[in-house]
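Just below is one structure, and these are the notes that go with it.
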Ligand code: HEM
């Protein structure tokens, strides 16, 4: 049976390998000349670096190892595909600040089955139009209105932690992910997701999609759509996609009911994200039902999973840095008091807390790497050429540990974000929200949400360490994920 399978594999794969290798040869000779000059791991003819198949667990460590071995630049390739990892701020600046390189790498296509071509995955005029429609949803007047909602969600979370805190530790991932999912529902979507019975299934489906994404990523033959469609992984993924899209379709249905019932709704001066899209649709501004669905999927995912991991890692880091935690607590009490809920301007004033969040995002960037396609040849700082059409991978996680920029990179030190220290650094050495025109549209919302939740948690609990940062393992996924739990001990304040 096994030998039959191997024979079948050879019959299918061999012609494909030859086809791709020929395609590769047809590509601009200069392209390969430049790519091959860049250092990189050992490679064999045709299959290149794909002689080892990694898993979601092993890929993470391998990429970190390679980042150290070949710092600051290296390439990987297989068949007709090549990508260059770059950890040099001087090289990243021209890529992210020039719209010629705005196209995302082909791996973003693996997200299309779920996110369609929403803001994260779209390109050209479609992306530009959508960004214009959606930007007002993050205007500071809107964010100001969100403060009360975030405070309410935080209070519910704190009550939840009060029930859990008698245990030796709390795995913060589940309660925090619920908090961020319900928060994006209450704020940007205006839909009470807490009442949606499908939330648990949705959260699991997000994890499943991430796993299937990495599964495909480490198997270059599955990049070929026709081969992928024959695989068991594809069939499994179809089910996951159905769960994900049923969830967002339901959210839209609920919201449309509210929107259509109340005529004055769309006349409000400032509208949150989903309202804004429905209004744009009413006014014929070029966004149809499918467009709303893909943006909603994008924002539910980007708006909850990224902030969730960031809050979880920040709690763990603060539990391990007691003096810093004490200083944040004192700042909260002196800015807001012991009982008041923070206003939007209070949150803006929490400067020390902000530095701690920034430092936590340096060590644990929720989006650990991004990819762009080079639209015009670039000469790198280290003397190589990135040819037009090459995929450049910006490993934010490794960039934030670049030893040339960050002294003692693994150390948590919020003073790195004192204004004088920021001024001394290259502006592209720290990019947790990316940079340039395709930066994170939700970054102010994210900072505000993280601050609101820290205010609530730290006012009620002292955090004691359980997991130590140096022993925490990560795994590859769409966002930075711990390989297991993130455990923190919650001690109620008297
Ligand atoms: C700590 C929290 C967050 C981090 C670290 C983060 C980081 C990022 C990064 C690095 C990108 C660039 C991705 C790429 O180029 O592939 C991005 C894009 C994006 N983010 Fe965030 N994000 C966060 C929170 C949010 C929130 C709360 C929202 C929405 C409410 C959001 C919505 C988006 C969208 C829609 C894009 C695509 C923007 C475009 O291409 O025009 N993010 N984010």
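A few remarks follow.
- Taking other Cβ atoms within 10 Å as a rough exposure proxy, 223, 234 sort from fewest to most as 234, 223.
- Debye-sum result for the stretch 292-348 in log10 I(q)/I(0), which assumes one identical scatterer on each alpha carbon, at q = 0.12, 0.16, 0.18, 0.25 Å⁻¹: -0.47, -0.72, -0.81, -0.99
- Taking other C-beta atoms within 10 Å as the exposure proxy, 172, 95, 46 rank 46, 95, 172 from fewest upward.
- Degrees, to the nearest 10: 124-134 long Cα axis against longest axis of the chain: 10 degrees
- Calculated [θ] (222 nm, deg cm²/dmol) that DSSP helices of n ≥ 4 give over the chain, each run adding -39,500 (n - 2.57): -17500 deg cm²/dmol
- Degrees separating the helix 2-26 axis from the principal Cα axis of the chain, which is the longest one: 90 degrees
- Three-way shape call for the stretch 146-214 based on the alpha-carbon gyration tensor, with the a/c threshold at 1.5: oblate
- Spin-label pair residue 408-residue 132: with each label point 7 Å from Cα along the Cα-Cβ axis, the two points sit 5.0 nm from one another.
- Ordered by the count of other Cβ atoms within 10 Å of each Cβ, fewest first, 335, 135 give 135, 335.
- Helix axis angle, 443-460 relative to the chain longest principal axis, alpha carbon, degrees: 50 degrees
Coordinate-derived values only; no laboratory data. Remember, predicted model here, so these are calculated numbers, not experimental data. Reconstructed Cβ throughout: ideal geometry from the backbone, glycine too, with neighbour counts over all protein chains shown.
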